Amino acid sequence: MLKLLHGADFHLDSPFAGLTPEAAQARRRLQRRLPLELAALCKRENCDLVLLAGDLFDSGRVTPESVEALQQGLEESAVPVFIAPGNHDYFSPLSPWQQFPWPGNVHVFSGAWSSFPLPDISVRIWGAAFQSPHEEAALGSVQREYPLELGVLHGDPVYGSAFRPADIAASGLHYLALGHIHKTQMPLRAGKTWYGWPGVAMGRGFDETGVHGVFSVTLTEDRDCAAELLPLPGPKYYERSAAAGDDPVAAAWAALAEVSQEDVVRLTLTGESPGVDLSQIRAALQGRCGSLLLVDETVPPQALWDEAGTGSLRGMALSQLREAFAAGDPDAAEAAKYLLAALEGRDAPW
């Protein structure tokens with residue numbers, strides 16, 4: 001049995017262009033915590049090795065602080081670490097992988113598909129590197145010589161990569177650690193090979209919402225695989241919505257129930273409401289999260305039954321629904337809203 005950490009897409013030194021310069025700098029400082037958190041998880045989980053599937057840096061232009069943070073984290077992992085550079089941090093003479101020294105426990109794949117044996121733990125690691133932003137790393141096959149044959153690579157076999165799920169199935173690997181897809185995809189199986197994406201290590205915008213982290217993966221020689229996403233600390237992005245109703249402040253509070261004080265939230269207020277004061281809501285929620293963007297999509301309350309009993313087909317339908325509502329049918333009012341929306345050519349109620 002072997003246990004490993006599988007991470008990818010740290011994107012250290014991301015520009016965070018949508019933030020103020022001060023906020024962007026603060027967010028990059030938070031990113032630099034990720035390597036040490038990785039090392040702490042490696043020790044806590046008692047892992048045998050670490051596979052990092054590319055885009056650890058957001059580009060070839062890196063700060064000394066981020067390089068030092070990654071160097072320290074990888075060294076403190078205290079196990080063999082294998083890195084397959086991706087399209088953002090591709091391997092080249094000017095890349096950080098060439099320009100800076102890396103700890104002795106770190107192996108960076110630098111070109112085409114190749115292997116590195118770890119005979120002490122009966123494992124061989126395969127990998128390849130992007131050598132330019134568009135020169136994709138190709139997946140090769142292996143002749144099984146070790147009880148466990150593992151791979152690490154950056155790419156998406158569905159959209160535009162130099163390999164496909166059929167290639168994964170034919171690779172002969174037990175497990176393929178992948179990067180590039182920023183949404184977590186728990187390990188799947190192609191043939192006898194397990195493969196997955198842990199996703200981006202820390203969300204950077206509303207296109208990377210929710211919890212992010214790295215995989216803890218346990219493998220056995222009979223090709224069983226057990227994986228768990230281990231969250232990494234840092235602010236998370238959330239999109240929430242709330243029916244404002246008569247008390248928009250209470251609705252907003254309830255929508256943020258699972259949000260921490262460092263998280264970034266875009267909260268959309270919906271439904272009918274007699275009036276929404278965004279400044280009042282923002283003041284009431286001050287300090288509830290790290291940053292709050294409020295969007296008002298509410299509409300004024302509509303007189304739902306005004307046309308009931310008018311004699312038109314519309315009025316007769318509304319009259320029947322009003323009677324059902326008065327008799328205690330909780331769905332009658334909602335049905336009336338959908339009826340009016342359909343008659344007015346709208347997709348859904350206001």
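The values are calculated or read from the model by the stated rules, or taken from the named source; none is laboratory data. Computed from a predicted model, the values in this text were never measured in an experiment. Positions of Cβ are generated from backbone atoms using ideal geometry, with glycine treated the same way; all protein chains shown enter the neighbour counts. Just the protein is used for accessible areas: all its heavy atoms, side chains included, with ligands, DNA and RNA removed. Shrake-Rupley method; radii C 1.70, N 1.55, O 1.52, S 1.80 Å.
Some observations on this one:
- Unique match (being open to solvent by 10 Å² or more (accessible area, probe 1.4 Å) and in contact (Cβ under 8 Å) with a residue 40 or more places away in the chain) among MET186, MET202: MET186
- When the residues of the stretch 99-121 are filtered to those that are surrounded by 13 or more Cβ atoms within 10 Å (Cβ to Cβ) and among the polar types (S, T, N, Q), the one that is farthest from ALA162 (Cα to Cα) is ASN105.
- Out of ARG282, ARG266, one residue alone is closer than 29 Å to ALA24 by Cα and either open to solvent by less than 40 Å² (accessible area, probe 1.4 Å) or without any contact (Cβ under 8 Å) to a residue 24 or more places away in the chain (or both). It is ARG282.
- Within the stretch 189-199, considering residues that are assigned to a loop (DSSP other than H, G, I, E, B) and modelled with pLDDT of 95 or more, the one surrounded by the fewest Cβ atoms within 10 Å (Cβ to Cβ): GLY199
- Pick from the stretch 200-220, criterion under 25 Å from ARG27 (Cβ atoms) and part of a strand (DSSP E or B), ranking: nearest to the chain's Cα centre (by Cα): THR209
- Index of the failed condition, ARG164 passing every other in (1) surrounded by fewer than 17 Cβ atoms within 10 Å (Cβ to Cβ); (2) of a type in the set (Lys, Arg); (3) in contact with a Ser or Thr (Cβ under 9 Å, 6 or more places away or on another chain): (3)
- Flag for ARG223 being of a type outside the set (S, T, N, Q), surrounded by fewer than 17 Cβ atoms within 10 Å (Cβ to Cβ) and assigned to a strand (DSSP E or B): no
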